[in-house]
Amino acid sequence: MRINLEYWRQNGPSDSGHFETHTLDNVDEHASFLEMLDVLNEELFDEGKEPLAFDSDCREGICGQCGIVINGDPHGPKRTTTCQLHMRTFKDGDTITLEPWRSKGFPVIKDLVVDRSAFDRIVQAGGYISVNTGAAPEAHSQLVPKGNADRSFEAAACIGCGACVAACPNGSAMLFTSAKVVHLGLLPQGQPERRDRVVNMLAQQDDEGFGGCTNVGACASVCPKEIPLELISLLNRDLIKSYGHKARQR
Ligand code: SF4
Ligand code: FES
C-alpha cells in the first residue's frame, strides 16, 4: 500500500508545532499501525531526519501507552488502541493525519508524546484503601453482589490511555476518573475511604486543568475498553452522597 502521512511535530509544550509529510510506498496491509510508524522512522533516519516521537509499550492493548489522534479520532477509526489498529483498515493511497492527544491536562512532550502523569496524580489523590493485612481472607467471608462485582470489573478494565479526554470537546477526564472511583466504590474493601476518595480525586482532576463533563458522550464512544457513560452517573451519585455526609458531620 502507498500511504501518505501528515504528522504533527512539536518540541515541547511551549512550541507552536507544525505538520510534516512523508509518503511510504510499501506498507504491508497486515502491519500494525505502530509497525508502520517504525518503518516511517527507519526511512526518516536513513534520510538524516529526526524520527517521529510516539509512545508505546506493550503493543497488546493492555498498557494504555499508545495514544494518537488518527484522522481526527483518538486511536483511529476503530474502537481499539492504536497498537491494535492494522493498516488493512486503510486504503491504498490514503492520507493519514497523526496528532497528539490535545488537552490542557496533557501537555505535549514531543511530537505525538504527551505527559499523562495527571492521571497518576488523580489516582494518587484517591489515596489508600483499608484492608486487614496478614493471610488472605477466606473467599466467602465477604460477599459481593454479582451486579457489583461485574460493574467493578468492568470499571477496572480502564487502561488510562486518555482517549476519553482527547475525544471530549471539554477535555474532561470524567470517564477515566469515574472508572477509578467506581471500581473501588462497589467493593467492600473500598468502603472506608469511599466518601473522601471521590471528593479528592475530582478536586485533583480540576487542579490538573481538565474540563467539566456536559454529557456529550464522545468519551465512551472512543474508549477502547468500552467503559460505559453510566459510570459518570455513579460517580456523581457518590459525590452528592459525600457532600451530604460531610454536611451532616459539621
Ligand atoms: S476510560 Fe477508556 S478511554 Fe478513558 S482512559 Fe480509561 S480506557 Fe482510556
Ligand atoms: S502499546 Fe500498550 S496499549 Fe498500546
**Study point:** Some residue of the stretch 158-177 being buried (at least 24 other Cβ atoms within 10 Å of the Cβ), of a type in the set (Val, Ile, Thr) and at pLDDT 95 or above
**Key:** yes
Review point. Considering only the stretch 193-232, how many residues are touching a strand residue (DSSP E or B) at 6+ places or on another chain (Cβ under 6 Å) and assigned to a helix (DSSP H, G or I)?
Key: 1
Point to revise | Tally of residues being among the polar types (S, T, N, Q) and assigned to a loop (DSSP other than H, G, I, E, B) across the stretch 24-45 | key: 1
Point to revise | Qualifying residue in the stretch 142-164 (condition: without any contact (Cβ under 8 Å) to a residue 40 or more places away in the chain and among the aromatic types (Phe, Trp, Tyr)) | key: yes
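I'd like the full set of residues that are of a type in the set (S, T, N, Q) and either at negative phi or within 16 Å of ligand 2 (Cβ to nearest atom) (or both), limited to the stretch 182-228. I'd like the intermediate steps shown before the answer.
Let us first name the residues in the stretch 182-228 that are of a type in the set (S, T, N, Q), namely 189, 191, 200, 204-205, 214-215, 221.
Passing the criteria: Gln189, Gln191, Asn200, Gln204, Gln205, Thr214, Ser221.
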Check your understanding: With respect to the numbered conditions (1) touching a Cys at 6+ places or on another chain (Cβ under 8 Å); (2) closer than 27 Å to Ile129 by Cα, which one is the sole condition not fulfilled by Asp206?
Key -> (1)
Review point. How many residues are within 16 Å of ligand 1 (Cβ to nearest atom) and surrounded by 15 or more Cβ atoms within 10 Å (Cβ to Cβ) if we restrict to the stretch 33-58?
Key: 2
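Kindly establish whether Gly48 is within 13 Å of ligand 2 (Cβ to nearest atom) and assigned to a loop (DSSP other than H, G, I, E, B). Before you say what the answer is, go through the steps one by one.
Numbers: within 13 Å of ligand 2 (Cβ to nearest atom): no; assigned to a loop (DSSP other than H, G, I, E, B): yes.
No; evaluated as a whole, the condition is false for this residue.
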Review point. Restricting the search to the stretch 118-151, which residues are farther than 30 Å from Gln65 by Cα and polar (S, T, N, Q)?
Key: Asn132, Thr133, Ser141, Gln142
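The values are calculated or read from the model by the stated rules, or taken from the named source; none is laboratory data. Because the structure is a prediction, the values reported are computed rather than measured. Because the Cβ atoms are built from the backbone with ideal geometry, glycine has one as well, and the counts that use them run over all protein chains shown.
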